[in-house]
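> Pasting a structure here, questions to come.
The values are calculated or read from the model by the stated rules, or taken from the named source; none is laboratory data. The model shown is predicted, which means the values in this text are computed figures rather than measured ones. Cβ: placed from backbone, ideal geometry, glycine included. Neighbour counts: every protein chain shown.
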Amino acid sequence: MAEEKLDLSEEFIAQLNRECQNQSDHLYQFLKGRFPELSVEERLKYLATILNDHFDDYQFDQNGERARDGGYSIVKFFPKGKKEG
């Protein structure tokens, strides 16, 4: 998927946030499952945008464990709870 094809609109980011809140994987794992065709960098753009807009909906891994993908070390942010809508 080309970079300019990423949907970073407020509505789509809010939808992704709601989907992530309704499951138990950490944010990056959720994005990896939702967008397996994207590059690591593209998934990280979604991760950064979601956290920028909805940071209070997540808690980072207190144990300091990180996900690894494509040479990146990624902090695990877990959803705090269910978001309907």
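> Within region 58-70, count every residue that is part of a loop (DSSP other than H, G, I, E, B) and either at pLDDT 95 or above or under 13 Å from the mean Cα position of the chain (by Cα) (or both).
Residues meeting the conditions: 0.
> In the list Ile74, Ile13, Ile50, which residue meets the criterion of being surrounded by 11 or more Cβ atoms within 10 Å (Cβ to Cβ) and touching a strand residue (DSSP E or B) at 6+ places or on another chain (Cβ under 6 Å)?
Answer to the check: Ile74.
> Moving to a separate point now. How about region 57-70: which of its residues are out of contact with any helix residue (DSSP H, G or I) (no Cβ under 7 Å at 6 or more places or on another chain) and touching a residue at least 24 places away in the same chain (Cβ under 8 Å)?
Asp61
> Quick check on my filter: what residues within region 16-38 are surrounded by 13 or more Cβ atoms within 10 Å (Cβ to Cβ) and under 18 Å from Arg68 (Cβ atoms)?
Asp25, His26, Leu27, Tyr28, Gln29, Phe30, Leu31, Lys32, Phe35, Leu38
> Now for a separate question. Just checking, how many residues over region 8-39 are touching a residue at least 60 places away in the same chain (Cβ under 8 Å) and part of a helix (DSSP H, G or I)?
Summing the residues that are touching a residue at least 60 places away in the same chain (Cβ under 8 Å) and part of a helix (DSSP H, G or I) in region 8-39 gives 3.
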